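Reading through the structure tokens given below for one structure.
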Amino acid sequence: MQSANAATPGFFESEFGVHDGLYKKILDKALSKGGDFADLYFEHTISNSVILEDGKVNRTYSHIDLGVGIRTVKGDQTGYSFTQELTEESLMAAAATAATIADDSARLAAKKFVQLKAANHYPLQKLLTEIPLSSKLPLMTRVNEQCFSLSNVIIKVNATLYDQQKRIMLVTSDGIKAEDLRPRNYLMASVVAEKDGKQERAHWNLGGRQEFSYYTPPLVDKLADEVVNRALVLFDAQQPPAGEMPVVLGPGGTGILLHEAIGHGMEADFNRKGLSTYATMIGKKVAEPFVNIVDEGTTPRQLGSINFDDEGVLSQKTMLVEKGILTSYLHDRISAQYYNVTPTGNGRRQSYQHYPIPRMRNTYMLAGNAAPEDVVKSVKKGIYVEDVSNGEVNTGEGDFAFYVSQGKMIEDGKITHPIKDINIMGNGPKMLQNVTMVANDLALYQGGAGGCGKKGQGVPVSFGLPTCLVKSMTIGGMQRQGA
């Protein structure tokens, strides 16, 4: 097995016998009917999960994916095929299928392929596949014991440790060869608490593109504290009144609202097809001047970080909204050509079975100047949202509804009692216009679980937000205000 250094090339060539001459032959075949561009996406992924329930490990999973996706692009049309056999015969057959998207004179791929030099935002000192089960079990046992020790109303604990090691190699018809080793992992805890005949549940996870050494006993204790507190606070939670009211979004995980309700609308394919509210808004005001939003793939160890995208474009930081003005969409190579701009490194795919489309990476609002406590003080009566889940979003127009899994009331400028069983509803672009204060406490999501779904593909992403005030949102509760 090769070094864990992601910058070390040659995994697929040494393990499966593929070589530059074969890449050239396959790409020429993919362009044999006149495609503009073609690429090969080699993938070898090992995934493992261990689940502890009732103090015992009762499920383990291990899965290996291996295959090659072959894409031919003609204008904005894509021909795609994949194979799980890395033989010349199978690869050539897949290339012939992808080539059928075009009907023109043949083109030739580059004569040589140059290794892409990329920064490594998630180096591994030790491959995750080298971590034995005996090193994982103590972590899970500690989650179980720590959760039970924190409260005598905890009646059930589950712990899951997941790790994934994805190796990819991309070879393009314009002469780029790029290899990457993308780790992904998380430790998740879920608990059930019972008190006076009532039950409450909570779950939480920590992870990202981490080394295994990230999972230390203090981190396990932090995870246990968080998940137990999330369950216990719900026993005292009340349902707030329904209606329109100010909402303060707390830092960190609430950034999923920014991702789902606003970020998708800035993906260039939605705009190219006229499906997004932002389709005609480049250069126009979409928020107050103190609002700045970025999408980037370069934060070390963050779940949405990538050294380069799945089209061989180096990862970067892309300003989407600068001083309240929409400045860019998120582009893959097809949309960049359509808009005559440089690709932003957002061409991503779930696996070798999928072709790349514009996707977010780590999307967040930059910190503002306000103190978080001043944001809360500005609200006479409203909701403080700490975390949301179970969202439904119309990704084109940005209409959304999210369940508030953790939150509190704000009364006379102070955070008071916990709340539960409510939804917040609205429209993403309108919500962005209604952001009236941004605090200086930007935080990013620290989990490694979950992912973003689009067009049948899921990719790992992350998000974040500083504390910010939305002057009015719809709260779905049991009683209307004043009733």
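State the Cα centre-to-centre distance between segment 27-55 and segment 141-195 in whole Å. Cα centroid to Cα centroid, the span is 21 Å. Note that segment 14-166 shows a convex hull volume over its alpha carbon atoms of 179 Å³ per residue.
Report, to one decimal in Å, the Kirkwood hydrodynamic radius for the chain based on all distinct Cα pairs.
Evaluated over the chain, this radius sits at 24.0 Å.
Counting Lys and Arg as +1 and Asp and Glu as -1 over every other residue whose Cβ lies under 11 Å from the Cβ of Phe12, the net charge comes to -2. I'd like the trypsin sites (Lys or Arg not before Pro) in segment 422-456 restricted to DSSP loop residues with at most 12 other Cβ atoms within 10 Å, sorted by number. Sites meeting the loop and neighbour criteria: Lys455.
Hydrodynamic analysis of segment 233-323 uses the Kirkwood radius over alpha carbon pairs. Inserted into Stokes-Einstein at 25 °C and 0.890 mPa s, it gives a translational diffusion coefficient of 151 µm²/s.
A 1.4 Å probe run over the protein chains yields, for the chain, 41 Å² of accessible area per residue, whole-number rounding.
The label-point distance for Val192 and Tyr338, in a model that sets each label 7 Å from Cα toward Cβ, rounds to 4.8 nm. Using the alpha-carbon positions of segment 312-432, Rg (one decimal) and Dmax (whole number) come out as 18.7, 54 Å.
The residue list Gly10, Met319, Leu442 was ranked by how far each Cα lies along the charge dipole of the chain toward its positive end, using unit charges on Cβ atoms, and Met319 comes out on top. Only Cα sites of segment 1-80 enter the Debye sum here, all with the same form factor; the resulting log10 I(q)/I(0) across q = 0.22, 0.25 1/Å is -1.06, -1.17, listed in q order. With R₀ set to 45 Å, the beta-carbon distance separating Ser472 from Ser105 gives a calculated FRET efficiency near 0.15. In a simple Cβ point-charge model (Lys, Arg +1; Asp, Glu -1; nothing else charged), segment 340-459 has a dipole of about 460 debye relative to its Cα centre. In this simple spin-label approximation, Glu322 and Leu219 carry label points 7 Å from Cα along the Cα→Cβ vector, and these lie 3.5 nm apart. In whole percents, the pair-distance distribution calculated for segment 135-281 from its alpha-carbon pairs, binned every 10 Å from zero, is 9, 24, 25, 23, 14, 4, 0. Candidate cross-link partners of Lys112 among the lysines, defined by an alpha-carbon separation under 29 Å and a same-chain spacing of 8 or more, comprise Lys24, Lys25, Lys29, Lys33, Lys74, Lys166, Lys177. Rolled with a 1.4 Å probe across the full set of protein chains, the surface gives Glu244 an accessible area near 100 Å². FRET efficiency for the pair Asp374 and Tyr61, taken as 1/(1 + (r/R0)^6) with r the Cβ-Cβ distance and R0 = 56 Å, rounds to 0.70.
Note on segment 298-342: along the principal axes its Cα atoms extend 29, 27, 12 Å, ordered by decreasing extent. Pairwise alpha-carbon distances in segment 368-427 exceed 14 Å for 61% of all pairs. Taken along the Cα-to-beta-carbon direction at a fixed 7 Å, the label points for Asp174 and Ser14 span 3.1 nm.
Taking every alpha-carbon pair under 8 Å whose residues sit at least 6 apart, segment 402-483 reaches a relative contact order of 31 percent. The Rg/Rh ratio of segment 84-137, with Rg taken over Cα atoms and Rh as the Kirkwood radius over Cα pairs, comes to 1.22. Computed over protein heavy atoms with a 1.4 Å probe, the carbon and sulfur contribution to the accessible area of the chain reaches 49%.
The values are calculated or read from the model by the stated rules, or taken from the named source; none is laboratory data. Nothing here was measured: the structure is a model prediction, and the numbers come from that model. So basically every Cβ, Gly included, is an ideal-geometry build from the backbone, and we count neighbours across all protein chains shown. Please note that ligands, DNA and RNA were not included when accessible areas were found on the heavy atoms of the full protein model with its side chains. Shrake-Rupley method; radii C 1.70, N 1.55, O 1.52, S 1.80 Å.
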